[in-house]
């Protein structure tokens with residue numbers, strides 16, 4: 001994965017010119033007013049200076065071989081140009097507004113790659129489950145997954161059982177799981193089980209930047225006692241907050257905290273000796289290493305709540321921030337980042353309940369982050385939304401290109417609480433990660449309860465399930481009638497293009513390949529798009545019906561026709577169609 005653009009080396013003559021310009025500036029500062037640089041010196045200085053910084057804009061470099069459209073980031077915003085009768089672009093600063101040739105009714109409108117008639121829609125998931133069932137003595141009460149991922153050719157699952165504790169599974173297909181005998185922890189006099197001696201406790205991720213002995217990492221949310229709390233806050237006065245106290249200040253039962261662990265193989269764990277922070281994040285935190293930022297990122301369960309007035313005449317020891325016990329705080333999703341897996345600040349909210357996205361009685365209950373299989377630069381969040389009106393849960397979908405800016409993916413909840421009486425008819429909560437099965441289905445683990453979240457729990461049962469998106473169709477660019485859009489310019493990671501699409505019987509999709517011309521004929525114009533010869537809409541074989549990763553062809557040729565290094569723009573004409581993603585080969 002690439003984190004920064006490649007830069008052309010600075011020519012030695014350019015360096016000498018910049019050095020001379022720098023000496024001129026220093027001399028001018030010492031002797032008097034600055035003298036204007038020549039155009040050549042200005043160009044040389046800017047070229048050398050900008051070469052030390054990342055350049056922005058097209059073309060993008062994909063992290064994987066797939067592109068999904070979960071927000072507008074990969075969708076070209078298009079452009080608009082007024083053209084004269086000869087087809088030349090009219091200069092917006094040109095005088096002569098009263099000239100008849102500039103009458104809006106006598107000129108042409110050019111809208112290259114401008115999208116219309118499309119919308120992005122989250123697709124509902126199907127449900128599968130229970131995917132694992134209690135079979136062993138240490139699973140008498142329940143067994144669930146807390147993390148599922150594909151690691152190489154093997155699927156791995158980290159779970160929790162009761163009364164046994166954290167446990168480990170492996171699978172060849174992500175559906176049929178086996179308990180890996182670890183021989184670490186004794187249960188009822190035997191080591192023949194899949195229980196951990198040192199438990200990861202939270203969710204697990206693989207760190208591509210780590211040495212082999214720390215390849216696997218976990219994010220855990222332990223509760224600590226007063227002495228450990230006091231030692232931490234005295235050493236790190238900026239890494240804790242008062243909401244970490246669970247219960248009354250005068251009788252603190254426990255203090256919420258965040259910490260981590262490392263493992264060479266995902267089964268032999270050691271906890272890091274120091275906590276990350278002391279704050280209220282009570283479970284299901286998810287971490288990862290961001291290869292672009294070169295930082296560790298953790299998403300937490302936090303609260304959208306403000307500071308309490310100091311003039312209140314109530315008992316200052318009483319907690320008033322946490323709902324539903326008279327509190328005002330709405331659960332939200334927090335984020336923290338650090339250069340190392342340890343030196344984290346207190347998390348800050350990045351996804352909060354806003355009116356256009358959730359109802360006034362809903363709160364975010366989990367911070368389940370994932371990328372899309374095959375597209376590491378498409379980040380998703382699957383928060384469970386708990387409703388205080390009726391004690392129900394639904395799971396939504398939020399999207400981001402950088403893990404910082406998030407927006408809800410339009411459409412219905414991807415999963416809702418099942419009908420009462422079903423194994424997941426009480427409440428549901430998601431877990432990481434979105435994983436691709438051998439048949440191409442995408443699955444996301446979740447746990448389901450037979451009773452509502454706040455119901456008396458004496459008869460509560462807990463099971464593990466999958467949210468399932470058949471054929472990986474998790475988000476669609478949809479044109480209910482006629483629509484068009486184009487991708488932003490990219491450097492394609494392959495020469496063939498595949499589409500995952502579904503159209504109505506009378507509908508279809510056509511694809512056109514264009515490129516950004518790097519040699520503009522107008523000084524102020526950054527470039528223009530031109531169709532790659534032989535790859536127009538008219539020359540594309542229409543895509544119709546149910547097409548699952550089908551190769552696109554133009555006049556029978558599957559090669560996209562671009563030159564190496566071209567900034568390629570892929571355009572789509574859609575008629576009553578859904579496009580779920582594209583893939584390069």
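With a ≥ b ≥ c the root eigenvalues of the C-alpha gyration tensor of region 129-171, is it rounded (a/c under 1.5), prolate (a/b larger than b/c) or oblate? Note, shape of region 129-171 comes out prolate. Rounded if a/c is under 1.5, else prolate if a/b is larger than b/c, else oblate: which is region 110-244, with a ≥ b ≥ c the root eigenvalues of its Cα gyration tensor? In terms of gyration-tensor shape, oblate.
Both radii are taken from the alpha-carbon atoms of region 390-537; with Rh as the Kirkwood radius, Rg/Rh is 1.13.
A simple packing score, the average count of other Cβ atoms within 10 Å per residue, orders the peptides 505-514, 529-538 as 505-514, 529-538, with the highest score first.
Segment residue 49..residue 65, full-extension length gain: 2.5 nm, with 0.36 nm per residue of separation and the alpha-carbon distance subtracted.
Computed extension length for residue 315-residue 357: 11.6 nm, one decimal, from 0.36 nm per residue of separation with the Cα-Cα distance subtracted. Ranked by the mean number of other Cβ atoms within 10 Å of their residues, highest first, the peptides 437-443, 576-582 fall in the order 576-582, 437-443. Each of 223, 394, 281 has some number of other Cβ atoms within 10 Å of its Cβ, and from fewest to most they run 223, 394, 281.
Panel order for 390, 141, by other beta carbons found within 10 Å of each beta carbon, from fewest to most: 390, 141.
Most tightly packed first, judged by the mean number of other beta-carbon atoms within 10 Å of their residues, the peptides 344-351, 117-124 read 344-351, 117-124. Per residue, the convex hull spanned by the Cα atoms of region 365-450 amounts to 107 cubic angstrom.
Fully extending the segment from residue 294 to residue 404, taken as 0.36 nm per residue of separation minus the present Cα-Cα distance, adds 38.2 nm. For region 128-199, the Kirkwood estimate of the hydrodynamic radius, built from every pair of different alpha carbons, is 12.3 Å.
Helix content alone sets the calculated 222 nm mean residue ellipticity of the chain: runs of n ≥ 4 DSSP H residues at -39500 (n - 2.57) each, divided across all residues, give -2500 deg cm²/dmol.
Sorted fewest first by neighbouring Cβ atoms within 10 angstrom, 497, 46 come out as 46, 497. Using a cutoff of 8 angstrom between alpha carbon atoms and counting only pairs six or more residues apart, the relative contact order for the chain works out to 15 percent.
For residue 548 and residue 457, what is the calculated FRET efficiency with R₀ set at 35 Å and r taken between the beta-carbons, to the nearest 0.05? The computed FRET efficiency comes out at 0.20.
With N denoting the number of residues in the chain, provide Rg(C-alpha) divided by 2.2 N^0.38 Å, to two decimal places. In units of the globular-protein estimate, the chain measures up at 1.14.
Between residue 348 and residue 72, the FRET efficiency estimated from the beta carbon spacing at R0 = 22 angstrom works out to 0.35.
Any read-out appearing in this document is the output of simple, stated calculations on the displayed coordinates, not a laboratory observation. Predicted model only: the values in this text are computed from it and were never measured. Ideal geometry is used to build each Cβ from the backbone, glycine not excepted, and the neighbour counts take in all protein chains shown.
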